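What follows is a short report on a single structure.
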Amino acid sequence: MNVCLVAVMILFFSACKSDAIQENEMSFQDVHTYSKPQEALVKHLDLDIHVNFQEKILEGWANLTIAHDEKAKHIILDTKHLAILKVEIADGEGNKSKAHFTLGKEDAILGTALIIDILPSTQKVHIQYATSSEADALQWLMPEQTAGKQYPVLLTQSQAINARTWVPIQDGPGIRFTYSAKVSVPKELIALMSAENPSTKNAQGVYYFRMSQPIPAYLLALAVGDYQFSPISSRVGVYAEPIMLEKCANELAETEKMVVLAEAMYGKYAWERYDVIILPPSFPFGGMENPRLTFATPTIIVGDKSLVTLIAHELAHSWSGNLVTNATWNDFWLNEGFTVYVELRIMEALKGPDYSEMLATLNMQDLDIALSDFKDVPDDTHLKLNLKGRNPDDGVTDIAYIKGYYFLRLLEETVGREKWDPFLKNYFAENAFKSMTTELFLEKLNKLLSPKQAEAINIREWVYGAGLPKNCPIPHSPNFEKVEIAQKSYLSGEKIATEKWSTHEWVHFLRKLPKDTDAKKMAQLDADFHFTQSQNPEIQCAWYELALRYKYTIAYNAVDVFLNSVGRRKFLLPLYKEMMKTPEGAAMAKRIYAKARAGYHPISYQSVDAILAGKE
Ligand code: BES
Ligand code: ZN
């Protein structure tokens, strides 16, 4: 099976295709799925699984409703490390029979194709399966890793191509299906999905779900644990462990307002409810935009609402990503660049432009670092990527997020918000529940821009070229200017007023410290501002990186504790990378990691493994 040769010849096929398939016509090629949706396509997934905490596996049935070309001899699904136990097919009358199936050769990135023979009359495919200990999507947490310390947790992370490690499915972002599920769990726990969710536990430990809007497989999600619900508005709420529920609900109190502001700019919220679940600290990401139920790290719960921009980000995906979806992972910037743009517009509407400019400035600093990290691999700095033969996770960089953001900001600044805002709103409405390629977006953009504007922007250089074009907008943050002035005064021995600073001002302050800082100066800073003892992970991470760089050994114990309690990749990678720069640091990294690794999600420990092996 050669996925690289999947050339889609639309004209050739269209004469003999069923309506269902024509609707989903794919005029793009996805090198990260084995499936051939133009021949046979999953329309609905009905999942019936048991969550087995003893064996750390999911077991049960994936029942698929399919549409296919009448000439199609089989349907191809993606799997990775799944045990396929039995496969049956059924026609429209419910006549079931055992089906012949084969498993393709295993690929380390893509997994294994599951090729199931079908008949012209086949409408359903039933697959009995179990996951394995190697399921990249699954993290099984011990009670000690939770806030309450009493109950275990299971959480999934399907993006980018991990859905196939817990469900046999067509795992490409360009393929959408509706789903329903029956999930049975230990009676003390509740199950929640990226679907209509229960608000309380039930005595049987059996939960039913329905997701009636079609989604791609990377948005399939399940969390199981001791969670309780607290409403924020009639359509917004938060799930968290009982002992932190109130704190979480307070932190996220502005979420309904964010939905209202986003709707005013980009059109009606399409997913009915917007809930957030606050997961244990080993969740590998800041957030994940699972429809109806954003998964979020507890590292944003800092007490002053200063990190809720992450919620704005995941909420923004309800338009950019979940509604209009990147057709392939090569178009990932369409998901994330648009989402950072929408995130900052939501934050601007909520807190004013001075606030969102702080975020844009921190983003620009991150982008500068990414551009210098990639200076030997200029192709990785293109917005449109070519990830053939690579893991799509390689494309998850600040290029997609921040270069993408600045490209959209340049478009906004060029045509003006009077034209740009309606254009975006219309883009989301016209392409709702559809896939978008970079090329199709550029076609639409062409209709918006005058030839003169198009020339000034130089779209080709932005999208298909390396680095950052000269006409990139420059953010301007008055708040950060004040921080820089205050820092100068502080360094010359004056007292400074920092009471009104948010997390962002502190992070900027730390990032702007002079390069000749040493352990002695670090000690003075610590005495004045108590960074080592900070309970704010953004500040902790920025400070610990400096502590490692300038050998401020007093903070090393705190670094150890931090790396053993948090599993968010964004915080792990810079700290381990910093340690790996010196032999003593490398020894420290190995010692900390020996204990910490077991608590990390596969997605996080795979990245840290690479750093410690010197591959990053
Ligand atoms: N969808 C991403 C997370 C992701 C991307 C997971 C690709 C796996 C593969 C999510 O929306 C995200 O961008 N999270 C960021 C949030 C931040 C940019 C506000 C994170 O986790 O740091
Ligand atoms: Zn995102």
Restricting attention to the range 210-246, which residues are under 14 Å from S180 (Cβ atoms) and open to solvent by less than 10 Å² (accessible area, probe 1.4 Å)? M211, I215, L220, L222
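Being acidic (D, E) and closer than 30 Å to I109 by Cα is true for just one of D368, D354. Which residue is that? Talk me through it step by step, then tell me what you get.
Working: D354 fails: closer than 30 Å to I109 by Cα.
D368 is the lone residue from the list that is acidic (D, E) and closer than 30 Å to I109 by Cα.
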Failed item, numbered, when P281 is tested on (1) more than 10 Å from ligand 1 (Cβ to nearest atom); (2) over 17 Å from the mean Cα position of the chain (by Cα); (3) closer than 24 Å to A542 by Cα: (2)
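For every residue, the table says whether it meets (1) touching a helix residue (DSSP H, G or I) at 6+ places or on another chain (Cβ under 8 Å); (2) farther than 15 Å from Q524 by Cα; (3) modelled with pLDDT of 95 or more.
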{"position": "C472", "(1), (2), (3)": "yes, yes, yes"}
{"position": "S477", "(1), (2), (3)": "yes, yes, yes"}
{"position": "E481", "(1), (2), (3)": "no, yes, yes"}
{"position": "Q487", "(1), (2), (3)": "yes, no, yes"}
{"position": "S492", "(1), (2), (3)": "no, no, yes"}
{"position": "A497", "(1), (2), (3)": "yes, yes, yes"}
{"position": "T503", "(1), (2), (3)": "yes, yes, yes"}
{"position": "L510", "(1), (2), (3)": "yes, no, yes"}
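Farther than 18 Å from I457 by Cβ and out of contact with any Cys (no Cβ under 7 Å at 6 or more places or on another chain), is that true of F332? Outline the logic, then answer.
Values: farther than 18 Å from I457 by Cβ: yes; out of contact with any Cys (no Cβ under 7 Å at 6 or more places or on another chain): yes.
Criteria met by F332.
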Could you check how many residues of the range 222-259 are touching a helix residue (DSSP H, G or I) at 6+ places or on another chain (Cβ under 9 Å) and of a type outside the set (D, E, K, R)? 19
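How about the range 73-129: which of its residues are of a type in the set (F, W, Y) and closer than 16 Å to K36 by Cβ?
Pass one, the range 73-129, residues of a type in the set (F, W, Y): 101, 129.
Within the range 73-129, F101 is the sole residue that qualifies.
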K452 under 20 Å from N335 (Cα atoms) and assigned to a helix (DSSP H, G or I): no
The range 236-258, residues that are over 22 Å from E343 (Cα atoms) and in a helix (DSSP H, G or I): P242, I243, M244, L245, E246, K247
Among the residues of the range 336-359, is any basic (K, R), modelled with pLDDT of 95 or more and in contact with a helix residue (DSSP H, G or I) (Cβ under 8 Å, 6 or more places away or on another chain)? yes
Please determine whether any residue of the range 528-543 is without any contact (Cβ under 8 Å) to a residue 12 or more places away in the chain, over 27 Å from L573 (Cα atoms) and in contact with a helix residue (DSSP H, G or I) (Cβ under 7 Å, 6 or more places away or on another chain). no
What's the total number of residues in the range 77-93 that are closer than 15 Å to L64 by Cβ and either surrounded by fewer than 16 Cβ atoms within 10 Å (Cβ to Cβ) or of a type in the set (S, T, N, Q) (or both)? 4
How do the pairs read when you match residues in the range 205-224 that are within 15 Å of V185 (Cα to Cα) and aromatic (F, W, Y) with residues anywhere that are part of a strand (DSSP E or B) and open to solvent by less than 10 Å² (accessible area, probe 1.4 Å), using Cβ under 6 Å and keeping only pairs 6 or more apart or on different chains? Y207/V183; Y207/A191; F209/A181; F209/M193
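Taking the criterion of being of a type in the set (S, T, Y), open to solvent by 20 Å² or more (accessible area, probe 1.4 Å) and assigned to a helix (DSSP H, G or I), would at least one residue in the range 575-591 satisfy it? Reasoning before the result, please.
Taking the range 575-591 and keeping what is of a type in the set (S, T, Y), we get 576, 582.
From what's left, open to solvent by 20 Å² or more (accessible area, probe 1.4 Å): 582.
Imposing the further condition that a residue be assigned to a helix (DSSP H, G or I) reduces the set to none.
No, the conditions are met nowhere in the range 575-591.
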Among the candidates Y401, Y406, residue that is within 20 Å of H317 (Cα to Cα), among the aromatic types (F, W, Y) and open to solvent by less than 20 Å² (accessible area, probe 1.4 Å): Y406
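Suppose the filter is surrounded by fewer than 24 Cβ atoms within 10 Å (Cβ to Cβ) and on the phi > 0 side of the Ramachandran plot; does K268 pass it? I'd like the intermediate steps shown before the answer.
Working: surrounded by fewer than 24 Cβ atoms within 10 Å (Cβ to Cβ): yes; on the phi > 0 side of the Ramachandran plot: no.
Answer is no for this residue.
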Please go through the range 37-58 and pick out each residue that is of a type in the set (A, V, I, L, M) and either within 22 Å of M211 (Cβ to Cβ) or touching a Cys at 6+ places or on another chain (Cβ under 7 Å) (or both). A40, L41, V42, L45, L47, I49, V51, L58
Segments classed as helices (runs of 4 or more DSSP H), wholly inside the range 308-409, with at least 3 members that are more than 20 Å from D30 (Cα to Cα) and away from ligand 2 (no atom under 16 Å from the Cβ): 332-351, 353-373
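Restricting attention to the range 265-306, which residues are of a type in the set (S, T, N, Q) and away from ligand 2 (no atom under 15 Å from the Cβ)?
So in the range 265-306, the residues of a type in the set (S, T, N, Q) come out as 282, 290, 294, 297, 299, 306.
Answer for the range 265-306, where residues must be of a type in the set (S, T, N, Q) and away from ligand 2 (no atom under 15 Å from the Cβ): S282, T299, S306.
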Out of (1) touching a Pro at 6+ places or on another chain (Cβ under 6 Å); (2) within 13 Å of ligand 1 (Cβ to nearest atom), the odd one out for V276 is which? (1)
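Answer with yes or no whether L344 is more than 14 Å from ligand 1 (Cβ to nearest atom), aliphatic (A, V, I, L, M) and buried (at least 17 other Cβ atoms within 10 Å of the Cβ). Before the answer, list the steps.
Details: more than 14 Å from ligand 1 (Cβ to nearest atom): no; aliphatic (A, V, I, L, M): yes; buried (at least 17 other Cβ atoms within 10 Å of the Cβ): yes.
Criteria not met by L344.
Among D379, D373, D368, D393, which is the only one that is within 16 Å of ligand 1 (Cβ to nearest atom), open to solvent by 50 Å² or more (accessible area, probe 1.4 Å) and among the acidic types (D, E)? It would help to see each step written out before you state the result.
Details: D379 fails: within 16 Å of ligand 1 (Cβ to nearest atom); D373 fails: within 16 Å of ligand 1 (Cβ to nearest atom); D368 fails: within 16 Å of ligand 1 (Cβ to nearest atom).
Checking each option against the conditions leaves just D393.
Can you tell me which residues in the range 548-558 are surrounded by 23 or more Cβ atoms within 10 Å (Cβ to Cβ) and under 29 Å from the mean Cα position of the chain (by Cα)?
Here is the first cut: in the range 548-558, the residues surrounded by 23 or more Cβ atoms within 10 Å (Cβ to Cβ) are 548, 552, 555.
Hit for the range 548-558 is L548, nothing else.
Kindly establish whether W501 is surrounded by 16 or more Cβ atoms within 10 Å (Cβ to Cβ), of a type in the set (F, W, Y) and part of a helix (DSSP H, G or I).
On the way: surrounded by 16 or more Cβ atoms within 10 Å (Cβ to Cβ): yes; of a type in the set (F, W, Y): yes; part of a helix (DSSP H, G or I): no.
Spelling it out, it is not the case that W501 is surrounded by 16 or more Cβ atoms within 10 Å (Cβ to Cβ), of a type in the set (F, W, Y) and part of a helix (DSSP H, G or I).
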Checking E430 against (1) surrounded by fewer than 16 Cβ atoms within 10 Å (Cβ to Cβ); (2) free of Cβ contacts under 8 Å to residues at least 24 places away in the same chain; (3) within 23 Å of I402 (Cβ to Cβ), only one condition comes out false. Which one? (3)
Which residues, taken from the range 277-300, are surrounded by 23 or more Cβ atoms within 10 Å (Cβ to Cβ), touching a residue at least 40 places away in the same chain (Cβ under 8 Å) and hydrophobic (A, V, I, L, M, F, W, C)? I277, I278, L279, F283, M288, L293, F295, I300
Among residues of the range 130-185 being among the aromatic types (F, W, Y) and crowded, with 24+ Cβ neighbours inside 10 Å, the residue farthest from the chain's Cα centre (by Cα) is Y179
Taking the conditions exactly as written (open to solvent by less than 10 Å² (accessible area, probe 1.4 Å), under 24 Å from D393 (Cβ atoms), more than 14 Å from ligand 1 (Cβ to nearest atom) and within 21 Å of the chain's Cα centre (by Cα)), does A316 satisfy them or not? no
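The values are calculated or read from the model by the stated rules, or taken from the named source; none is laboratory data. Computed from a prediction, not measured in an experiment: that's the story for all the values here. Neighbour counts run over all protein chains shown; Cβ positions are idealised from the backbone, glycine included. Quick note on the areas: whole protein, heavy atoms, side chains included, nothing else; ligands and nucleic acids left out. Shrake-Rupley method; radii C 1.70, N 1.55, O 1.52, S 1.80 Å.
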